[in-house]
Amino acid sequence: MSVDPNARTQDFPPGGPDGRTLRGSARLTVPVLVGAAVAVVLGVYGRFHDPAGTAFNLAGFSSTGAVKSWLATAAFAFGTVQLVSALAMYGRLPGVRPASWTPVLHRWSGRAAFLLAVPVAVHCLYALGYQTQSARAAWHSLLGCFFFGAFSTKMLLLRIERLPGWLLPVVGGLVFAALTVLWLTSALWFFRTFGVTA
């Protein structure tokens, strides 16, 4: 059997050969599954990896715990900037009109928060692993995995057109809530236990 390379191909309707398009919750399934996979993979790695005790240290800091706590505090501060800028963009701050640069501030503060959170997560996973010896450590481990899974979901959702108006604020709120509890169960705990040291 020979195939004519110049033959006209069949035109399919948009969305696939049967004319269906991904609608509703079906198009949200992939970002949610990817986020869940990220969270599970981090949790499994942290649980079965043999903790090394230390991952990195920076000159000028007294310990890896201090480095982790200050990086987490900076990430939390940038996350707070992202929350406030999002509230301004969605018109949820009474009497505040967003400036033309508010969306740029929102994007870059989110990027900065994520980039600061990555070395903290590397230290937690590599040096400490997934810990459950106390309620604080268990919540911190669980929410650390959830944070990166939810963040991955949010980044993938940003690529989808015509999302329900409530979806990104809810997912962004979950990401910020996880970041807040992570900071409370790590950096704030460290500062209260060992003092505010560099």
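The values are calculated or read from the model by the stated rules, or taken from the named source; none is laboratory data. Nothing here was measured: the structure is a model prediction, and the numbers come from that model. Remember, those area values only see protein heavy atoms, side chains included, never the ligands or the DNA or RNA. Shrake-Rupley method; radii C 1.70, N 1.55, O 1.52, S 1.80 Å.
Could you report the stretch 58-198's accessible area per residue, 1.4 Å probe, as an integer in Å²? If you can, show how the numbers build up before the last one.
Working: 7810 Å² over 141 residues.
Accessible surface, normalised per residue, equals 55 Å².
What accessible surface, in Å², does a 1.4 Å probe find on M89, ignoring ligands, DNA and RNA and rounding to the nearest 10?
The value for M89 is about 70 Å².
I'd like the carbon and sulfur percentage of the solvent accessible area for the stretch 102-198, probe radius 1.4 Å, heavy atoms only, ligands and nucleic acids excluded. Mind dumping the intermediate values first?
Details: 3730 of 5180 Å².
Looking at the stretch 102-198 in its full context, I get 72 percent from C and S.
Full-extension gain between A137 and F194, please, as 0.36 nm times their residue separation minus the C-alpha to C-alpha distance.
Gain on extension, A137 to F194, equals 18.9 nm.
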